[in-house]
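What follows is one structure encoded as structure tokens, with my remarks underneath.
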Amino acid sequence: MTTSIAFLGLGHMGGPMAVNLIAAGYSVTGFDLLPAAVSSARAAGITVAQSAADAVASADIVITMLPAGRHVIAAYTGTDEQPGLLSIARPGTLFIDSSTIAVDDARAAHDLAVAAGHRGMDAPVSGGVVGAEAGTLAFMVGGSDEDFATALPILEVMGKRIVHCGESGLGQAAKVCNNMILGISMIAVSEAFVLGEKLGLSHQALFDVASNASGQCWALTTNCPVPGPVETSPANRDYAPGFAGALMAKDLGLAEQALASTGVQAELGSLASAIYRRFAEGSGATSDFSGIITDIRERSSAPGAS
Ligand code: NAD
């Protein structure tokens, strides 16, 4: 029998992910609160239910791709306007949350699902809209071995690298840890390029040295923040994302929550979060996160900066 999937949240990521599941032969019923998302989903061939409850009632698997943890918890438990999905789904339904949310929220969502007689796992992604469309996302999964085995064929339709990170919450843990490395390293690479500029060093010379030396990292060699050395990096397209600064700010905010709840003293992680939060309030709201270099350069040219 065909696995029946309810897909809630048909936005930039959820829409194309649902389309890939349909193309792979799954029976998918979607739902979104936003009329614009509903129309684009219908135009892309997704069957959209009248309500989340209608989408979930006969599903074997419920996938959520929502903005934040509060949306996931509210969808699971209900609001004044909508009944909770956990009370509507058939017993034993597998709830897979692919939104990027706090580790503690992911654990709470899992516990709520299990307490209501269901199964739950977190499976956040990286790879952006391009990866969602191409079915090449990376999934970081937190959940039991049994639930992972059930979800794997479905995740393989939407992604090309699927890592089972451990029990519930550990998919989100892997995502925040990775993105904390990424945020810090992009700032480090950008600061080094601006320092090199001030010292008279060409971008290419610094790239040729650092990319073959101990400064080598993804922020330098794949998403290089200066135009020139890496043809495909957003810096060559006036910092069109890519991965928007606002999303990096969001993910570093989740890392900060995890730092606070564990007591880890990650000074650079906290600082990177503050730097990206400020960036996201300006041009970083829409530009690629590597555009942080323009912010560093502007501050370095401010009166009194040199
Ligand atoms: P989006 O805002 O485009 O889509 C989210 C959708 O969820 C919206 O259409 C919204 O109307 C809908 N929604 C909210 N509450 C709902 C509910 N109760 N029921 C049904 N629909 C509801 O966001 P996105 O870019 O698709 O991102 C989704 C998640 O994926 C976020 O957690 C984000 O951090 C994460 N993510 C995004 C990217 C990216 O590049 N966009 C990359 C990796 C991870």
Identify all residues within the range 17-42 that are part of a helix (DSSP H, G or I), small (G, A, S) and under 26 Å from K160 (Cα atoms); write none if there are none.
A18, A23, A37, S40, A41
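Out of the residues in the range 43-65 meeting the condition of being part of a loop (DSSP other than H, G, I, E, B) and under 18 Å from I154 (Cα atoms), tell me which one is most open to solvent (accessible area, probe 1.4 Å). I'd like the intermediate steps shown before the answer.
Taking the range 43-65 as the starting set, the residues that turn out to be part of a loop (DSSP other than H, G, I, E, B) are 44-46, 49-51, 57-60, 65.
Right, trim to under 18 Å from I154 (Cα atoms) and you get 46, 58-60, 65.
Details: I46: 8, S58: 68, A59: 1, D60: 48, M65: 30 Å².
This residue is S58.
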Within the range 261-300, count every residue that is of a type in the set (S, T, N, Q), open to solvent by 80 Å² or more (accessible area, probe 1.4 Å) and over 22 Å from the mean Cα position of the chain (by Cα).
1
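Can you find a residue that is of a type in the set (S, T, Y), assigned to a strand (DSSP E or B) and closer than 18 Å to N178 by Cβ anywhere in the range 109-131? Full working, then the answer.
Going residue by residue through the range 109-131, those that are of a type in the set (S, T, Y) are 126.
Of the ones still in play, those that are also assigned to a strand (DSSP E or B) are 126.
When the remaining residues are screened for being closer than 18 Å to N178 by Cβ, the result is 126.
Within the range 109-131, one or more residues are of a type in the set (S, T, Y), assigned to a strand (DSSP E or B) and closer than 18 Å to N178 by Cβ.
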In the range 19-37, what residues are open to solvent by less than 20 Å² (accessible area, probe 1.4 Å), within 11 Å of the ligand (Cβ to nearest atom) and either of a type in the set (A, V, I, L, M) or touching a Lys or Arg at 6+ places or on another chain (Cβ under 6 Å) (or both)?
A37
With respect to the numbered conditions (1) among the aliphatic types (A, V, I, L, M); (2) closer than 17 Å to A59 by Cβ; (3) more than 9 Å from the ligand (Cβ to nearest atom), which one is the sole condition not fulfilled by A44?
(2)
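So, A115, is that one assigned by TED's automatic domain parsing to the domain that holds D145 and either in contact with a Cys (Cβ under 7 Å, 6 or more places away or on another chain) or under 27 Å from Q257 (Cβ atoms) (or both) or not?
Numbers: assigned by TED's automatic domain parsing to the domain that holds D145: yes; either in contact with a Cys (Cβ under 7 Å, 6 or more places away or on another chain) or under 27 Å from Q257 (Cβ atoms) (or both): yes.
Yes.
Tell me the helices (runs of 4 or more DSSP H) entirely within the range 166-244 that contain at least 3 residues that are surrounded by 15 or more Cβ atoms within 10 Å (Cβ to Cβ) and touching a residue at least 12 places away in the same chain (Cβ under 8 Å).
Values: elements: 170-199, 203-210, 218-221.
Filter on the range 166-244 gives 170-199, 203-210.
Out of curiosity, is V129 under 30 Å from R297 (Cα atoms) and assigned by TED's automatic domain parsing to the domain that holds A109?
It is true that V129 is under 30 Å from R297 (Cα atoms) and assigned by TED's automatic domain parsing to the domain that holds A109.
The values are calculated or read from the model by the stated rules, or taken from the named source; none is laboratory data. These numbers were taken from a predicted model, which means no experiment stands behind them. Neighbour counts are summed over all protein chains in view; Cβ atoms, including those assigned to glycine, are modelled from backbone coordinates with ideal geometry. Side chains included, ligands, DNA and RNA excluded: accessible areas come from the protein's heavy atoms. Shrake-Rupley method; radii C 1.70, N 1.55, O 1.52, S 1.80 Å.
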